[in-house]
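The numbers here are math on the coordinates, done by the rules we state, and not lab data. Quick caveat, the model's predicted, so the values are computed rather than measured. Here the Cβ is made from the backbone with ideal geometry for all residues, glycine too, and neighbour counts use every protein chain on show.
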Amino acid sequence: MLSVAVALLVGFLIAMNLNQKKKNDQTDLYSAQAELASRTASVNAERARQGLPPLEGVGMDSPEQIAARLTKDAATLANYSDRFRSLLAEKDSIIAEKNNTLLVSEQARQALSSQLGKAQTQLDKAIADGASSEMLRAQLNEARNGMEQYAKRPSLEELTAAKSRIAELEAQLAAAMAKPIAPPPAPAPTPTKLFAESAADLFPMAISLFEALNALENKPDLEISAAYNHFATEYRASFLKEIRFPSGSSQLNPADKVALGDALANLPEGAMILVVGYASTTGNADSNRVLSSDRATVVAGNIDLAKPGNQVVQAVFLGQTNRFSSSMPERNQVCEVWQINPK
């Protein structure tokens, strides 16, 4: 009898424990569901702020499914963001290129307009100075011919009028001849070759600088730096600009053209611009000589269009070099622009 009572007591205790555990499990489930609902509301609020649809049926999905969906949405947003940044960069690049092209074109147009205005003024003055004398001579000859015709006529009044007209024209001609006549414009100087194949083709004031630069090949860096520091006093030469080129290229980009225009803004009248082209030691030596000459010619041509006055521009090349960097060949793919001031 006692054993039966003990068994009943034990069964009652087990039943009580099972019931308590079930209540605890239900409490945990309700707490987890509330946490899930709160997080779902937070995620849906963030998705609504970003313009995405809310998550549906989250309670039915496993955590792995929810995580996969969130990962996919994050990747989609990152892709949209990268594409938008790419489009913005492309738009900015196109706008910058158009602005640079317009600026270079406007500088060239202003330079050509200035030259045309000077030439037209000189032409008008020369025509005006020569036309007045020629017109008076023609009128005088006409009056003399008329006097000869009048002399054959019996009318004294016509002869007197012709003589008076001749005297008047002769006085006007004498006055016109007494006025100083502007000398005819000096003949244009023989144009300097834009590209110099050797020192013999260079403008005289640039020969010494070119020979000094050529002599620096394979010299130590300290010797090259010291020589550059003395060029101003020895050759009246100052370093104006360095233009770098990609490998195998001799084309200027719009930014380089604008930079050249800025560098030329304060050039003195009568100065000379010497453009020296270089190439790296990578590749064939003959091809590099041609490439360095092409680079110098392109830069000199752009300077010749953009220069503000009567400056002289020439291009020359020194071929392949490693004087600018022995470890980075691309640093030697350059053109140096030098300004040589007149005496």
If R₀ is 30 angstrom, what is the calculated FRET efficiency for the pair residue 239 and residue 343, using the beta carbon separation as r and rounding to 0.05?
0.95
Estimated inter-spin distance, residue 92 and residue 68, nm [label 7 Å along Cα→Cβ]
3.9 nm
Please work out how much length the chain gains when fully extended from residue 81 to residue 290, using 0.36 nm per residue of separation minus the C-alpha to C-alpha distance, in nm with one decimal.
70.7 nm
What ³J(HN,Hα) values, in whole Hz, does the Karplus curve 6.51 cos²θ - 1.76 cosθ + 1.60 give for region 221-234 when θ = phi - 60°, with x put for Gly and Pro?
4, 5, 5, 5, 4, 5, 5, 4, 5, 9, 4, 5, 7, 7
Find how much the distance from residue 174 to residue 39 grows on full extension, using 0.36 nm per residue of separation minus their present alpha carbon separation; answer in nm with one decimal.
37.7 nm
Using amide H atoms built in the peptide plane, which far-off residues or other-chain residues are under 5 Å from residue 317 H to H?
277
Go through 219/307; 98/219; 98/343; 257/343 and tell me which ones have a Cα-Cα distance over 31 Å in this structure.
219/307; 98/219; 98/343
